[in-house]
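Accompanying notes for the structure given below.
Read the figures in this text as sums done on the coordinates, not as results from a lab. Everything quoted here is computed from the prediction, not taken from an experiment. Methodologically, a virtual Cβ is constructed for each residue, glycine included, from the backbone with ideal geometry; neighbour enumeration extends over all protein chains shown.
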């Protein structure tokens, strides 16, 4: 070991050269409120319960999404449609209670693949932050897409790029 090697000056200069090189590279971070990050086309975000064109819920409470979920994050209870509720539910059976525990969800997309009615899909938005565990349990009201008849602008915004991908 030479005198220069024992002082580690050469290694310090090499480290400083790497640091100076990184000063002039493009930064990986963005200023979030001003700039929005572009997600990958296969990004799997927050779950959404879909409606049909008439505004009725598509979910028939078959339970296939809950069975397909490897994290067991989905719970549901089925109920029978009453006379006069044809405008609310598409089938005779519907999900009276539908909850997703987002702390358990791994965003795998198996629930979307298992659903025969295209009632649930993963949107292009991500789950917002919260300070307590209760806010991470999303109920049916939190997950339902807005009604296309009464709220058409919110419905189109919630659908996002999903329809464009399928075309």
Simple label model, 7 Å out from Cα along Cβ direction - residue 77 to residue 40, nm: 3.9 nm
Give the Cα extents of region 47-166 along the principal axes, in whole Å, largest first. 39, 30, 28
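Helix-derived [θ] at 222 nm for the chain: sum -39500 (n - 2.57) over DSSP H runs of at least 4, divide by residue count, nearest 500? Please list the in-between numbers first.
Values: 7 runs with 47 residues, N = 167.
Value at 222 nm, helices only, nearest 500: -7000 deg cm²/dmol.
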For the residue pair residue 52 and residue 67, what label-to-label distance in nm results when each label sits 7 Å from Cα along the Cα-to-beta-carbon direction? 2.3 nm
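Suppose R0 equals 35 Å; then what is the FRET efficiency for residue 113 and residue 153 from their Cβ-Cβ distance, rounded to the nearest 0.05?
Details: r = 29 Å, r/R0 = 0.84.
Calculated transfer efficiency: 0.75.
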The distance between the Cα centres of region 1-27 and region 59-106, in whole Å, is 59 Å
Enumerate the residues in region 28-47 having an amide nitrogen under 12 Å from the point lying 7 Å beyond the Cα of residue 131 toward its Cβ. none
7 Å from Cα along Cα→Cβ at both residue 14 and residue 32: what's the point-to-point distance in nm? 3.8 nm
Round to the nearest 10 and give me the degree value, 0 to 90, for the angle of helix 9-23's Cα axis relative to the longest principal axis of the chain. 40 degrees
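Can you figure out the FRET efficiency of residue 25 with residue 104, using R₀ = 25 Å and their beta-carbon distance, to the nearest 0.05? It would help to have the intermediate numbers written out before the result.
On the way: r = 38 Å, r/R0 = 1.53.
According to the calculation, E is roughly 0.05.
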Semi-axes of region 1-56 from the Cα gyration tensor (sqrt of 5 times each eigenvalue, largest first, whole Å) come to 54, 14, 8
